[in-house]
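No value in this document is a laboratory result; all are computed from the given coordinates. Just so we're clear, the structure is a prediction, and the values are computed from it rather than from any experiment. Heads up, the Cβs are rebuilt from the backbone with ideal geometry, glycines too, and the neighbour counts pull from every protein chain shown.
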Amino acid sequence: MNSELKSLYQEVIIDHSKRPRNFKKIDNFNKEAEGFNPLCGDRLNLYLKTDGNKIIDASFQGQGCAISTASASMLTEIIKGKSVDEALKLFEMFHALVTTGGAPKDETQLGKLAVFAGVHEFPARVKCASLSWHTLKMALLNKTDVAKTE
């Protein structure tokens, strides 16, 4: 990855961590899940409003490091309007990206989430980036356990 691209990616992550989108508890949510990273203390609650198989709205609250907050912020933006199946597929693609650096053949499927491509080089940060995604999966599958990255 060239230095210009790396710098742009860092700017996007910093922007989302300092000014997280959808950082609130939405009204009339019908799915929720809690996530916790015991390694660093990141904690979040994810709220979803779904209609049938479609995600209408998404938000989160909590506290965490810059990568964790940016990931949750971007997650809530990208899943709005997606079907549950599309969101679960995004989970799989994102998880592969942050654990192995492997991007899907059609990288446009990840959109801005590609900024997390370098996270796999820092194993301790993988858990930070993926916490909100594991929490999303718990919410979509109606699991009541706390999503953990351990």
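Over the stretch 3-141, what relative contact order in percent results from Cα pairs under 8 Å that are six or more residues apart? Mind dumping the intermediate values first?
Values: 244 pairs, mean separation 36.3, N = 139.
Once divided by the residue count of the stretch 3-141, the mean separation gives 26 percent.
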With a sphere of radius 13 Å drawn around the Cβ of D15, what net charge do the other residues whose Cβ falls strictly inside it have (Lys, Arg +1; Asp, Glu -1)? +2
Could you give me the percent of Cα pairs per 10 Å distance bin for the stretch 3-141, shortest bin first, beginning at zero and ending with the bin that holds the maximum distance? 13, 47, 34, 6, 0
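Find out how many positive minus negative residues lie around L44, taking Lys and Arg as positive, Asp and Glu as negative, among other residues whose Cβ is under 14 Å from that of L44. Display every interim value, and only then the final one.
Numbers: positive: R21, K24, K25, R43, K127, K137, K148; negative: E32, E34, D42.
Neighbourhood net charge equals +4.
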Computed ³J(HN,Hα) along the stretch 141-146: with the Karplus parameters 6.51/-1.76/1.60, θ = phi - 60°, integer Hz and x for glycine or proline, the list is 8, 6, 7, 9, 5, 6
Between D51 and K143, with labels modelled 7 Å along Cα→Cβ, what's the label distance in nm to one decimal, could you check? 2.9 nm
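Among I14, I55, I26, which comes first, then next, by fewest other beta-carbon atoms within 10 Å? If you can, show how the numbers build up before the last one.
Values: I14 12, I55 22, I26 17.
Lowest to highest Cβ neighbour count: I14, I26, I55.
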